[in-house]
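This report concerns only the one structure given below.
The values are calculated or read from the model by the stated rules, or taken from the named source; none is laboratory data. Everything quoted here is computed from the prediction, not taken from an experiment. Cβ atoms come from the backbone with ideal geometry, glycine included; neighbour counts cover every protein chain shown.
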Amino acid sequence: MEVVIVADARSGGDLVAEAVASLIDRRPDALLGVATGSTPAPVYEALAARARSGRVDTKALRIAQLDEYVGLPPEHPESYRAVIRREVLEPLGLDDDAFLGPDGMAADLSEACSAYDRALAAAGGVDLQLLGIGTDGHIGFNEPCSSLASRTRIKTLTRRTRRDNARFFDDDEERVPRHVITQGVGTILEARHLVLFATGEGKAEAVAAAVEGPVSAACPASALQLHPHATIVVDEAAASALTRADYFRQAYAAKPDWQGL
Ligand code: GLP
């Protein structure tokens, strides 16, 4: 597991976008797993800027969704499908054909979950999965005590996550759906490269638990410790509870450029 401490959200976004661009150079039709939330916005902005200036060609790129609210139609502006269309697909000039995601409106939700796992496998698997982290250590919508072997399935959100996400629903926690579909922790671990991006002091405790704590379902993000290629990019504030920050800084400073992330 590599921890990269950056000065701020903007430089972190730029670094992660560069890693995505380098993947696309190597594999133009890469399957990029994307996360929602506020944190990845600088990544998507930096990637779109590279696409606009011709520094990366995203026309064959494919995008896979991490999670979705149950019961929000795709036209709802806060459905994750709508968020990804707005923040990722449109800025990169991609249409819905480039997009894979679970159906949060399916009559048979369990089947929709299994169908999504099958679709990811049929697409060749995720090449690089971008992740954020919840204040309670969740990845995707895998709340604490999610099985580390879990597959895509329905989950119930914690009170804390609904409170955290209420800002997207007019600050009304009651309007945040209770149920979601999320790639399981086991599904996420199948991606070839995991890049978790976290910014701000509010994430410091969750980041420290994920990076330096025990591997435990109590902190689903700690499952990244089991992955052979996991990169954690954090700004100074999100790194503030790490006890080994100095080591992480030294290791990154000494890293040869050719290695990339
Ligand atoms: C939601 C998403 C996660 C995301 C988390 C943190 O719960 N399902 O994928 O990582 O929010 O969001 P933010 O980056 O806005 O703090």
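Pick out the one residue from R160, R167, R249, R151 that is in a helix (DSSP H, G or I), in contact with an Asp or Glu (Cβ under 7 Å, 6 or more places away or on another chain) and not small (G, A, S). Before the answer, list the steps.
On the way: R167 fails: in contact with an Asp or Glu (Cβ under 7 Å, 6 or more places away or on another chain); R249 fails: in contact with an Asp or Glu (Cβ under 7 Å, 6 or more places away or on another chain); R151 fails: in a helix (DSSP H, G or I).
On inspection, the qualifying residue turns out to be R160.
Among the numbered conditions (1) near the ligand (Cβ under 10 Å from one of its atoms); (2) under 28 Å from V4 (Cα atoms); (3) of a type in the set (A, V, I, L, M), the only one that V180 does not meet is (2).
For segment 154-167, give me the residue count where each residue is in contact with a Ser or Thr (Cβ under 9 Å, 6 or more places away or on another chain) and either among the hydrophobic types (A, V, I, L, M, F, W, C) or more than 12 Å from the ligand (Cβ to nearest atom) (or both). I'd like the intermediate steps shown before the answer.
Of all residues in segment 154-167, those in contact with a Ser or Thr (Cβ under 9 Å, 6 or more places away or on another chain) come to 154-155, 160-161, 164, 167.
Checking the rest, the ones that are also either among the hydrophobic types (A, V, I, L, M, F, W, C) or more than 12 Å from the ligand (Cβ to nearest atom) (or both) come to 154.
Within segment 154-167, residues that are in contact with a Ser or Thr (Cβ under 9 Å, 6 or more places away or on another chain) and either among the hydrophobic types (A, V, I, L, M, F, W, C) or more than 12 Å from the ligand (Cβ to nearest atom) (or both) number 1.
Among the residues of segment 128-153, those that are more than 10 Å from the ligand (Cβ to nearest atom) and within 15 Å of the chain's Cα centre (by Cα) comprise L128, Q129, G137, T152.
Residues in segment 190-208 that are more than 20 Å from V234 (Cα to Cα) and in contact with a helix residue (DSSP H, G or I) (Cβ under 7 Å, 6 or more places away or on another chain): there are none.
Being modelled with pLDDT of 95 or more, within 15 Å of the ligand (Cβ to nearest atom) and either within 18 Å of the chain's Cα centre (by Cα) or not β-branched (V, I, T) (or both) is not true of G125.
Please verify whether segment 185-193 includes one or more residues that are within 13 Å of the ligand (Cβ to nearest atom) and either in contact (Cβ under 8 Å) with a residue 24 or more places away in the chain or over 17 Å from T36 (Cβ atoms) (or both).
So in segment 185-193, the residues within 13 Å of the ligand (Cβ to nearest atom) come out as 185, 188.
In the following step, the residues that additionally are either in contact (Cβ under 8 Å) with a residue 24 or more places away in the chain or over 17 Å from T36 (Cβ atoms) (or both) were identified as 185, 188.
Yes, because at least one residue in segment 185-193 is within 13 Å of the ligand (Cβ to nearest atom) and either in contact (Cβ under 8 Å) with a residue 24 or more places away in the chain or over 17 Å from T36 (Cβ atoms) (or both).
Can you spot a residue in segment 82-97 that is in contact with a Lys or Arg (Cβ under 8 Å, 6 or more places away or on another chain) and surrounded by 21 or more Cβ atoms within 10 Å (Cβ to Cβ)? The answer is no; no qualifying residue exists. Looking at L109, is it in contact (Cβ under 8 Å) with a residue 24 or more places away in the chain and within 16 Å of the ligand (Cβ to nearest atom)? The answer is no for L109. If only residues of segment 227-250 that are among the hydrophobic types (A, V, I, L, M, F, W, C) and under 17 Å from the mean Cα position of the chain (by Cα) are counted, the one that is nearest to the ligand (Cβ to nearest atom) is A238. Identify, please: which residue in segment 22-64 is within 13 Å of the ligand (Cβ to nearest atom) and part of a loop (DSSP other than H, G, I, E, B) and is, among those, surrounded by the fewest Cβ atoms within 10 Å (Cβ to Cβ)? Taking the candidates together, the pick is S38.
For segment 70-86, check the following and say yes or no: at least one residue is at pLDDT 95 or above, within 16 Å of the ligand (Cβ to nearest atom), among the hydroxyl-bearing types (S, T, Y) and not in a helix (DSSP H, G or I). Looking for residues that are at pLDDT 95 or above, within 16 Å of the ligand (Cβ to nearest atom), among the hydroxyl-bearing types (S, T, Y) and not in a helix (DSSP H, G or I), one finds at least one in segment 70-86, hence yes.
With L196, L224 as the choices, which residue is within 10 Å of the ligand (Cβ to nearest atom), touching a residue at least 12 places away in the same chain (Cβ under 8 Å) and crowded, with 16+ Cβ neighbours inside 10 Å?
Details: L224 fails: within 10 Å of the ligand (Cβ to nearest atom).
After ruling out the rest, the residue left standing is L196.
Restricted to segment 98-115, and to residues there that are in contact with a strand residue (DSSP E or B) (Cβ under 7 Å, 6 or more places away or on another chain) and assigned to a loop (DSSP other than H, G, I, E, B), the residue that is surrounded by the most Cβ atoms within 10 Å (Cβ to Cβ) is P102. Look at R118 and say whether it is closer than 22 Å to A166 by Cα and either more than 15 Å from the ligand (Cβ to nearest atom) or part of a helix (DSSP H, G or I) (or both). No, not satisfied. Which condition from (1) closer than 19 Å to G104 by Cβ; (2) over 16 Å from the mean Cα position of the chain (by Cα); (3) buried (at least 17 other Cβ atoms within 10 Å of the Cβ) is the one that I181 breaks? Every condition holds for I181 apart from (2).
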